[in-house]
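One structure below.
Derivation of every value follows stated rules applied to the coordinates shown; laboratory data play no part. Predicted model only: the values in this text are computed from it and were never measured. Neighbour counts run over all protein chains shown; Cβ positions are idealised from the backbone, glycine included.
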Amino acid sequence: MRIALVGQPNCGKSTLFNQVSSYKAHTGNFPGTSVTYTESKVRVQGVTVDVVDLPGTYTLAGTNPAERVTLRYLASTDVNVIINVLDATHLSQGLDMTLELVELQRPMVVAVNLLDEAVRLGLRIDGPALEARLGVPVLPLVASKGRGVRHLFNAALQAGKRAVGPTRPRYSRDVEDAVSSLTAALLGTPTPLHPEATAFKLLEDDTELASEVARRAPGLVPLAEQRRRVLSDGRGQPARWVIWGERHGLAGNLEHAVVTQGERRTTWRDRLDDVLLHPVAGYAALLLILFGFFQVVYATGQIVEPPLSALFTAWTSRLHAALGGPSLLDTLAVGLLQGVAGGAAIVLPYLVPFLLGLGFLEDIGYMPRLAFLMDALMHRLGLHGKSVVPFILGYGCSVPAVMSTRILENRRDRFLAATLSTLIPCSARLVVVFGLVAATIGPAAAAGIYLLNVFVIALTGRVLSSMLGEDSPGLILEIPPYRIPAARTVLAKAWYRVREFVVEAWPALIAGSAVLALLSFFGVAPLLNALVRPVTWLLGLPAATGVPLAFGILRKELSLVMLGQALGTLDFSLALTQVQRITFAVFVVFYVPCLATLVVLRREFGWRAMLAVSAIATFVALAVALAVRGGLLLAGV
Amino acid sequence: MRLTDAKPGARLDLRSLPADPNTEHQVRSLGLLLGARLLLIRRAPFRGPLLIEVGGRVIALGWKIASGLEVTPEPSRPGDG
């Protein structure tokens, strides 16, 4: 049996999912889209059922990919029961979609979540009355505390066994006439949804569904068109507005009948936005929060990384000893081990606290507020506020940054945000900037590189945005109330993301490291140095820096490790001038993202986009490194 | 007047929807229907987004979208002072 969780964004659907899912839950993409779902096996009364967490959508109107795939998924025969999660504090808007779901006439259970918040707001919800009016079981839920979860799934299981769909609400005469005439015409034609639900969607002008119906029954398209016209002529507005308006009215009546407003208690949550969204204090708080966040991530990484690195170094020497000195096998084995070490000792110590912190900020409700504060600035880059998320992630690792562009609505914005986020120095590039510049010249020089980076990203954003044309439509974002995050949800979210790194990026890192070891074993370094010479010559760098730069594409931190090997010393100030060190670091910060990022870019956007991002990054890196070199030489450094 | 001309704290009636069908759908699905009563809570500086409350829901609207929305001040009711 399969149970689908459906609800609007911020209704607590994923919190509910994380309460019941196991660590084996997996995240997937709907075929041909970047829309994701999460699925897990759950035991309910001794029966194993599949529970699917579908993307949060406000309607099933099919105007964006998430709505289309949700409707399509629910239409599939695989789903036995729908659990519709409602936010008790915004019942009216949630009920809009509940009525849409009831129209599908599939077995269904309604969970009224966030009841604790509703009580705080003085709202009393009459569950039995709602159940009687909707004709489906209605259960109370406080998903964040696990209250009502067991009863809900028991009820869903029973509904699945009964396999009887609810009766849909009645609309005005003209709408019902249009629905019944289309339903009659659909008789005998296999439709993806219940015939009446199909009729509704045709009247609502769902073009994708219309083309699917047209393939099976071409005569229906002109009939649907005619029924839409009759409806809109009679009401003086498009047919879809008529249906949406009536549905909204029905939802409003339902809410009116089952919700009573008592006295509202004001709490700290109501006052918090006065500070956090304040035109001055809000930005100061933002800086403090982000500074604190990075400080915690950095401090945690600093505690975990050194012992892990030491452990891997010890293992490497033991491996050397066991394999009896330099040989092909030894080189390969050590290369593989170093790849494992790179993931375990360098990436994970920063990635795990970063993702935990990010999950916390997301669940407490700060991210939409960050988008609100940053919107005006992001517009200067041709994007809107929501794209600040990939940018922040970019300071940790470009891989989750590129993945997180899925939250943006259109491809133009996604591509632009992904391109710019790969120019942000990730934690691996931080290693290069700190090891090469901060350690030998001073922290101010490193800070200078970070400031320059922000400036260059802004400039690149302006240029790319004007080249891509059509400005982003702008920010439309619900700002949910602050909520105290449930530890289980934050941990589960971080776990899914860490697993994405482990499964997708880490293998590339290990393979890259092995290839690198083999190349150096076979003495390909001089050849590579000669190939990269035009670039190193242009940047005024020694020829030996070619290999570190080339291999930085595999793993950015390799650039620093290999620079030491190539120059024969870890005291970079002996082998390179100040200008050379800064030029090298600046080039590494901007040029082609690492292999793991390229893999994700290809998967998210395709080959052409991946190559385009690489070309843009290389061009920007060369231009900026040359400008910095020229500037420093002119300044007499 | 346009939504961007209103002052924080103003209670307004929505008189138009965005011209772009996708944007229109997005704002409608958040409860911004013609005639909806909304409260302008605050505005971000530098032509940043506007924060409005409609039907108990708080929504951030980018400047460009907000400037395309026509609103009228909600008629004052007896007892509102």
TODO: Find how much the distance from A:SER76 to A:ARG483 grows on full extension, using 0.36 nm per residue of separation minus their present alpha carbon separation; answer in nm with one decimal.
DONE: 143.1 nm
- [ ] Averaging sequence separations of C-alpha pairs under 8 Å and six or more residues apart, then dividing by the length of the range A:73-206, give the relative contact order as a whole percent.
- [x] 27
Task: Sites excluded, GluC sites (Glu not before Pro) in DSSP loops with at most 13 other C-beta within 10 Å, longest stretch of chain A - done: A:1-262
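Using a/c under 1.5 as the rounded threshold, could you call the range A:2-162 rounded, prolate or oblate? The axes a ≥ b ≥ c are square roots of the C-alpha gyration tensor eigenvalues, and prolate needs a/b larger than b/c, oblate otherwise. Display every interim value, and only then the final one.
Numbers: a/c = 1.40, a/b = 1.21, b/c = 1.16.
Rounded is the answer for the range A:2-162, as its axis ratio a/c remains below 1.5.
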Open item on the list: Given an 8 Å cut-off on Cα distances and at least 6 residues of separation, report the relative contact order of chain A as a percent.
Closed with: 11
Open item on the list: Charges at C-beta only: +1 for Lys and Arg, -1 for Asp and Glu. How large is the resulting dipole of the range A:281-634 about its Cα centre, in Debye rounded to 20?
Closed with: 240
Open item on the list: Based on the alpha-carbon set only, what is the convex hull volume of chain A divided per residue, in Å³?
Closed with: 187
Task: Partner chain coverage, peptide A:367-378 - average Cβ within 10 angstrom - done: 4
Task: Within chain A, longest stretch clear of exposed chymotrypsin sites (Phe, Trp or Tyr not before Pro) (DSSP loop, no more than 11 other Cβ within 10 Å) - done: A:24-521
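So, counting K/R as plus one and D/E as minus one, what does the shell of residues with Cβ under 14 Å around A:GLN226 add up to? Let's see the in-between values first.
Numbers: positive: A:ARG227, A:ARG228, A:ARG229; negative: A:ASP174, A:ASP177, A:ASP205, A:GLU225, A:ASP233.
For residues surrounding A:GLN226, the net value is -2.
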Task: Taking only Cα atoms of the range A:293-447, radius of gyration then Dmax in Å - done: 19.1, 61
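Give me the one-decimal Kirkwood hydrodynamic radius in Å for chain B, with the sum taken over alpha-carbon pairs. Present the calculation step by step, with values, prior to reporting the outcome.
Working: mean 1/r = 0.0789 Å⁻¹.
Evaluated on chain B, it is 12.7 Å.
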Task: A:THR207 paired with B:ARG37, simple spin-label distance in nm, labels 7 Å along Cα-to-beta-carbon - done: 3.7
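In whole Å, what three semi-axes, largest first, describe the equivalent ellipsoid of the range A:51-113 built from its Cα gyration tensor (square root of 5 times each eigenvalue)? Don't skip to the answer; put the middle values down first.
On the way: eigenvalues 61, 41, 22 Å².
Taking √(5λ) for each Cα gyration eigenvalue gives 17, 14, 11 Å.
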TODO: Evaluate the Debye formula for the range A:281-634 with equal point scatterers sitting on the alpha carbons, no solvent, and hand back log10 of I(q)/I(0) at q = 0.07, 0.09, 0.11 Å⁻¹, in q order, two decimals.
DONE: -0.30, -0.50, -0.76
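Which of the DSSP-defined H helices in chain A satisfy a minimum axial length of 24 Å, computed from C-alpha atoms, and a minimum mean Kyte-Doolittle hydropathy of 0.0?
Details: long enough: A:239-258 (29 Å, -0.15); A:281-323 (61 Å, 1.11); A:443-468 (37 Å, 1.55); A:607-634 (40 Å, 1.82).
Taking the DSSP H segments of chain A (at least 24 Å long, mean hydropathy at least 0.0), we get A:281-323, A:443-468, A:607-634.
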TODO: Please give the FRET efficiency for A:ASP126 paired with A:SER172, using the beta carbon to beta carbon distance and R0 = 25 Å, rounded to the nearest 0.05.
DONE: 0.45
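Which of the pairs A:LYS493/B:LYS7; A:LYS145/A:LYS386; A:LYS386/A:LYS556; A:LYS41/A:LYS145 have their Cα atoms more than 31 Å apart in this structure?
Working: A:LYS493/B:LYS7 40 Å; A:LYS145/A:LYS386 29 Å; A:LYS386/A:LYS556 27 Å; A:LYS41/A:LYS145 21 Å.
Violating the 31 Å limit, Cα to Cα: A:LYS493/B:LYS7.
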Task: All-pairs Cα distance distribution in the range A:103-162, expressed in whole percent, bin size 10 Å - done: 22, 49, 25, 3
- [ ] Tell me which residues come under 5 Å, amide H to amide H, from A:ALA111 once H is placed; ignore anything under 5 positions away on its chain.
- [x] A:ASN84, A:VAL85, A:LEU86, A:LEU139
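So if we plug the beta-carbon distance of A:LEU287 and A:PHE434 into 1/(1 + (r/R0)^6) with R0 = 35 Å, what FRET efficiency do we get, rounded to 0.05? Walk me through the numbers before you get to the answer.
Details: r = 21 Å, r/R0 = 0.60.
Between A:LEU287 and A:PHE434 the formula returns 0.95.
Rounded to a whole number of µm²/s, how large is the Stokes-Einstein D of the range A:335-380 at 10 °C and 1.306 mPa s, given Rh as the Kirkwood radius over C-alpha pairs? Present the calculation step by step, with values, prior to reporting the outcome.
Numbers: Rh = 12.9 Å.
Rounded to a whole number, D works out at 123 µm²/s.
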- [ ] Please express the shape of the range A:110-232 as an equivalent ellipsoid: the semi-axes are the square roots of 5 times the eigenvalues of the C-alpha gyration tensor, given largest first in whole angstrom.
- [x] 37, 17, 13
Open item on the list: Starting from a Cα-only point model with no solvent, please compute log10 I(q)/I(0) by Debye for the range A:491-567 at q = 0.17 1/Å.
Closed with: -0.68
Open item on the list: What does the structure give for B:25-38 when I average, per residue, the other chain Cβ atoms found within 10 Å of the residue Cβ?
Closed with: 5
Open item on the list: Roughly how far apart, in whole Å, are the Cα centres of the range A:189-254 and the range A:521-538?
Closed with: 65
TODO: Identify, among A:GLN302, A:VAL221, A:SER317, the residue whose Cα sits farthest towards the positive end of the charge dipole of the range A:186-331, taking +1 on the Cβ of Lys and Arg and -1 on the Cβ of Asp and Glu, with the dipole about the Cα centre.
DONE: A:VAL221
Task: FRET efficiency for A:ALA627 and A:ASP571, using Cβ-Cβ distance with R0 set to 35 Å, rounded to 0.05 - done: 0.80
- [ ] Mind putting a number on the dipole of chain A about its Cα centre? Charges go on the C-beta only, +1 for Lys and Arg and -1 for Asp and Glu, and I need it in Debye to the nearest 20.
- [x] 760
